[in-house]
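K.L.:
So that we are looking at the same thing, I have put the structure below in structure tokens.
The values are calculated or read from the model by the stated rules, or taken from the named source; none is laboratory data. Quantities reported herein were computed from a predicted structural model and do not represent experimental measurements. Methodologically, a virtual Cβ is constructed for each residue, glycine included, from the backbone with ideal geometry; neighbour enumeration extends over all protein chains shown.
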């Protein structure tokens, strides 16, 4: 215990020292680039932009200061160095795509708060059943459905505890269990990525792409939430089918004890959740009432 405490103390001390070093390294590296690296002397703002990007990268990686503080460096430095005026820089922080990001995060937080993610996942698993193929299908469907509205990483992190509780009870043979467990975990990982492309809020790169598209092609037709889904959902379904077949063929064809699979406590886990809370019902009502906005241009 003493050695473990000493290790944690040394680790914390080294982390603080590294962050302290990075706190100064960011502006020093930035100043050096501004002074000595001039890719285009006629347009010094190019070098200034690179210097500020390097400063932000150092602070982001080291977390020398809170991430939000680092993200605001351009607001202070771009106008000071003549890269952009303050109004232009500030508008980039408060456009409609940013607020769509925030809305997506709020949806995910509310879903976690009322444990709706567990309820959705267990409902799907109880419907699909607990055979090998059905269990893989159930976990992939639940993950993809949740990932359409939440970040891929957050979805996987919420599904994996349910998956691990199932893995502890499926098969006594270690070799068979290892193969099937690998297939289930890969299924969750792929389904999270595939589900993320199906809606605009499924993963941040979707909204980044939409913003870049709007900036680069201002005269192009607007893309609505519904239009994105009409294109991306069929593509996602095809990708899900391909991933399911490949994972099942590679990892889930081992013979396993069907009696053990049939006794998995999916329904008991669902029963333990109890009835839906008032907050969960309000959340469902709110999300349902927002359906009319799916065809609103973003």
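K.L.:
Is at least one residue of segment 114-126 buried (at least 20 other Cβ atoms within 10 Å of the Cβ) and farther than 15 Å from residue 166 by Cβ?
P.N.:
yes
K.L.:
Please work out which one of (1) at pLDDT below 90; (2) within 26 Å of residue 132 (Cα to Cα); (3) exposed (fewer than 12 other Cβ atoms within 10 Å of the Cβ) is the condition residue 238 fails and give its number.
P.N.:
Answer for residue 238: the failing condition is (1).
K.L.:
If we keep just the residues of segment 70-121 that are touching a helix residue (DSSP H, G or I) at 6+ places or on another chain (Cβ under 9 Å), without any contact (Cβ under 8 Å) to a residue 60 or more places away in the chain and outside any helix (DSSP H, G or I), which is nearest to residue 192 (Cα to Cα)?
P.N.:
Filtering first and then ranking leaves 72.
K.L.:
Suppose we filter 72, 80, 100 for residues that are more than 22 Å from the chain's Cα centre (by Cα) and either modelled with pLDDT under 85 or under 28 Å from residue 149 (Cα atoms) (or both); which single one remains?
P.N.:
Answer to the check: 72.
K.L.:
I want to confirm something. Restricting to segment 175-231 and keeping residues that are buried (at least 20 other Cβ atoms within 10 Å of the Cβ) and outside any helix (DSSP H, G or I), which single residue is nearest to the chain's Cα centre (by Cα)?
P.N.:
203
K.L.:
Something else: Let me spell it out: the conditions are (1) assigned to a helix (DSSP H, G or I); (2) within 13 Å of the chain's Cα centre (by Cα), and residue 150 meets all of them except one. Which number is the exception?
P.N.:
Residue 150 satisfies every listed condition except (1).
K.L.:
Could you please find all residues in segment 57-69 being surrounded by 18 or more Cβ atoms within 10 Å (Cβ to Cβ) and at pLDDT 90 or above?
P.N.:
Answer for segment 57-69, where residues must be surrounded by 18 or more Cβ atoms within 10 Å (Cβ to Cβ) and at pLDDT 90 or above: 58, 59.
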